[in-house]
1. Mind listing whichever residues of segment 1-23 are surrounded by 14 or more Cβ atoms within 10 Å (Cβ to Cβ) and not in a helix (DSSP H, G or I)?
2. Taking the condition closer than 30 Å to residue 338 by Cβ, within 31 Å of the chain's Cα centre (by Cα) and open to solvent by 50 Å² or more (accessible area, probe 1.4 Å), does residue 721 pass?
3. Out of all the residues in segment 330-347, which are surrounded by 17 or more Cβ atoms within 10 Å (Cβ to Cβ) and either of a type outside the set (A, V, I, L, M, F, W, C) or free of Cβ contacts under 8 Å to residues at least 24 places away in the same chain (or both)?
4. Considering 392, 466, which residue is charged (D, E, K, R), open to solvent by less than 60 Å² (accessible area, probe 1.4 Å), in contact with a Ser or Thr (Cβ under 8 Å, 6 or more places away or on another chain) and over 30 Å from residue 493 (Cα atoms)?
5. What strands (runs of 3 or more DSSP E) lie completely within segment 370-469 and have 3 or more residues being farther than 18 Å from residue 288 by Cβ and not small (Gly, Ala, Ser)?
6. Does segment 517-532 contain at least one residue that is open to solvent by 10 Å² or more (accessible area, probe 1.4 Å), in a loop (DSSP other than H, G, I, E, B) and touching a strand residue (DSSP E or B) at 6+ places or on another chain (Cβ under 8 Å)?
7. Is it the case that residue 430 is farther than 30 Å from residue 138 by Cα and among the aliphatic types (A, V, I, L, M)?
8. Check off (1) within 23 Å of residue 129 (Cβ to Cβ); (2) under 16 Å from the mean Cα position of the chain (by Cα); (3) surrounded by fewer than 17 Cβ atoms within 10 Å (Cβ to Cβ) for residue 483 and give me the number that stays unchecked.
Amino acid sequence: MNRHFLILIALIRKDLMGLLPLIVMAMATFLVVPVVANLDLLSLGGDQQFWLFLQSNIYWIGFFLGVLLMISVIQQDPADSVNHDWLTRPVRRWHSVVAKAGFMLLVFLLPVVLSRFLINLTQGMAPGLALSYASGIESLEATLLVPLILMTALLAPTLRKLILLLVAVFFVFLLPGWSATRPLLAAVGIELGGDFGPMMWLQGLTIVVACSVGAGLVYWFLYCRRQRLPATLSYWAAVVVMFLAVYPPEALYSWDQAVALHAWMINSDNSELEEQVILEPAVACFPAALVGNSATTEQENQLLAQAAWVPEIPGSTEAGALTFATPVRHREILTGWFKSAREEREHSVEWRLDRILTRARFTADSLAEDVPLRRSFTAHNRFHAMNATETDYWLVPADRVAQLAQDPSTQLVMDYDAALLAPTSFELPVDGQRYDFPGLGSCKAELRQANNEIRVECLQRGAQPDLVSAQFIGMDSSRVDSRSQGTYIHDWVEALRRRNYELTLPLPSLADTSTIMVTAFHAERLLHKQLVVPGMLGDDQAVCSLPQAATDDIERPSSWSDKSPHEISYVTVEPGVRLEVLDWRQALKPDAPTLLLLPGLGATGHSYDEIAPQLAQRYNVLGMTRRGTGDSGKPERGYDIARLSQDVLRVLDTFGIDSAVLVGHSFGGEELSFLGSRDGHRVDGLIYLDAAYDRVTVNAGDQARRFRQLGRRLPPEPPIRPSEAVSYAALQDYARRTGRAANIPEGEILASYDLTTGNIKHDSLYLDALMRGIVSPDYENIAVPALALYAVPGSPAVLMEGWYDADDPQLQAIVTELYEMDLVRKGEQMERFDSEVRDSRVVVLEDADHWIFVSHEDAVLQAMQEFVEEMRYAVETGASALPSN
């Protein structure tokens, strides 16, 4: 046998015999750690909290045992004994190094890999895949300590000295926390930087390189040159480099340098992606509160609590200091597309924007230099997942508030460093089996009926996605993310990494969940965006005033009220599910037909609050709010069109109505078409208010994709100002400012909108579930008379909203293309409705809004009344229900 091989075996055997008790305990732990880490806690009895604690921490037990083994095997042959031990005297230095590495491979890596491999096999992985995942590094963060401990073990001949060295290093890294340290360091020109968050991998890489080089130098000087002083100096030089990597001086390593370095590694020369990301305030005026103000409102007190300033922050408890929040939304025009194998239509998958760091400052002509603002690091939402709207909290020193408020040139400048994440989506069956996806790894999803949830697990070996998400197909609001913020480690650093992603999707009963969508997001580009707004709180002082002058002369939202003459009742349509029903019948009209009004998606029965009283002068008028919306129940199932249609019939049954004319706006057309084709005996007629569309086909194909992409390029509606939200009359100022002809009814605004922000109040998860339940209309089996009113633009100018820049040629081109596409799309839908519904009438209202009965109320009333009267005449005379078109 080869002499070198025999020497290596002898050295390893010597270390095995010398450390046998520790090895037995460690190897047993290494075998158990992966088993415990993969336990199904829900199936275990006893104390669940104990099992959870054990599962969360057992990895560290194995890690520290491995570290202890590494220290012990090195100190089996300290530097002083290399030339004296009879066994090692004839041994070359590389024999010793290779033997120590072989020892760690045998007693540490092999048991861990073997245990993981066997577990992976039991989970259905192929042997090659199981071995690949078993050999990955579980935690890159933990490996940062290994080079430091290795370097320390080489320098310290005994365990006692090793502990003393580590304690000394520990105190070195505590120095910046001592109150006297930072001023002393600043006196010698060292300004310590802060936390670099997602860019910390650059610091970690510096630490690993410094300690690895330090370990090599310590070994060289001690074991090869037998010079302790140079070895000690090398050790502490590496510690200093580590210190500067953790607390980098601004001149050496700043946030801007970290971002620039990472961007240099991943960004291409194509900068067009940055132009596709738009930042804008989510509210017209940023919420604000004064510290120490005795007249604070409930909303201001809540703001201060959310900012959660700690007393140690200078100025946070100083009376007169200003705290304000900046809700900022982003729009990425970039969109990916996903098509399920089980359906025809495609679903959009939005690119994601992860705002890594936000900084803010005030500029003004009266300032000698800009005023940087302190950002709350304890804010209540700092751990929230990535959202389209994110809020930061800022502190303005008291001595700056008055000066900035009095200067009309004051501007708030917010700088964002962000990562743009590109999606790659896959369809994952919910059957508990594993499926392999490129860039995402081995994934499985299983339904847990007892908890009404779907558990998703993905295991990836090598370069990791920056974010993993799971959702029900077509229901963006159901999406859950694997983390709140990405950690943008470069792919080559993660070559040996192994990571497990676990996500839980609640409420699978909302929709068909035989398959779900999982998405891997990868950073496509690091970018810098700047948002500049006038004034201190988002606009000039006249629009967004400071808290102390804000509310005495402004009418409060309590002036809002639902003035429509209806009675509200609730109808139980199934156990535990009640629907809101509005009754405009002042007195029952025995000979008049009943009209049941169905709202659009994300609206309630109150959307008819203004037109319904006029209809009620002739007819018996009811309205209802469907499940999942407004004050109606929000059950965990029943959002398919068949169940929604049954809800309509249950309402009719409760009021003793045999049949009615059904009126539906927008999404309400889904129930009209379903009931008209299947329960015609309960339907006297159908009136579609810009609602007669096949939403399955109209939202599919290249044209639909192009239409959506163009729509996302249009400027969003300006947020409502505080002064415009205090009453319904004041809201008319907002309508005039934005070029709108009229507001939707006051009762609908109260039922559906947040008066502070203008955002819809309904849970979008249920709205998504409603959209998932639609089917193509069966027009040919509708045997009752049907009237379809369509809102059609007369020219591109009609689509130019009041807040658009009418002189922007690019915007003009977008609007023109949308106009032409809209004409074609609606023309096809009108032709299909007219040709397939036997008794049909199509009425086009040119230049009408989608809320067709608000923008063109008189024309809609006239068309509806003519339709109903012709129906009544046909019933009385036995004539054809509708004259031919």
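1. The one that is surrounded by 14 or more Cβ atoms within 10 Å (Cβ to Cβ) and not in a helix (DSSP H, G or I): 19.
2. Working: closer than 30 Å to residue 338 by Cβ: no; within 31 Å of the chain's Cα centre (by Cα): yes; open to solvent by 50 Å² or more (accessible area, probe 1.4 Å): yes.
No, not satisfied.
3. 330, 331, 332, 346, 347
4. Details: 466 fails: over 30 Å from residue 493 (Cα atoms).
From the options 392, 466, the qualifying one is 392.
5. Per the criteria, 411-429, 435-437, 441-448, 453-461.
6. Let us first name the residues in segment 517-532 that are open to solvent by 10 Å² or more (accessible area, probe 1.4 Å), namely 522-525, 528-532.
Add one more test, that the residue is in a loop (DSSP other than H, G, I, E, B), and what stays is none.
No; the residues of segment 517-532 include none that is open to solvent by 10 Å² or more (accessible area, probe 1.4 Å), in a loop (DSSP other than H, G, I, E, B) and touching a strand residue (DSSP E or B) at 6+ places or on another chain (Cβ under 8 Å).
7. Working: farther than 30 Å from residue 138 by Cα: no; among the aliphatic types (A, V, I, L, M): yes.
Taking the combined requirement at face value, the residue does not satisfy it.
8. So the condition that residue 483 fails would be (1).
The values are calculated or read from the model by the stated rules, or taken from the named source; none is laboratory data. On a predicted model such as this, the values are computed, not experimentally measured, just so you know. In this analysis, Cβ positions are derived from the backbone assuming ideal geometry, glycine residues included, and neighbour counts consider all displayed protein chains. Please note that ligands, DNA and RNA were not included when accessible areas were found on the heavy atoms of the full protein model with its side chains. Shrake-Rupley method; radii C 1.70, N 1.55, O 1.52, S 1.80 Å.
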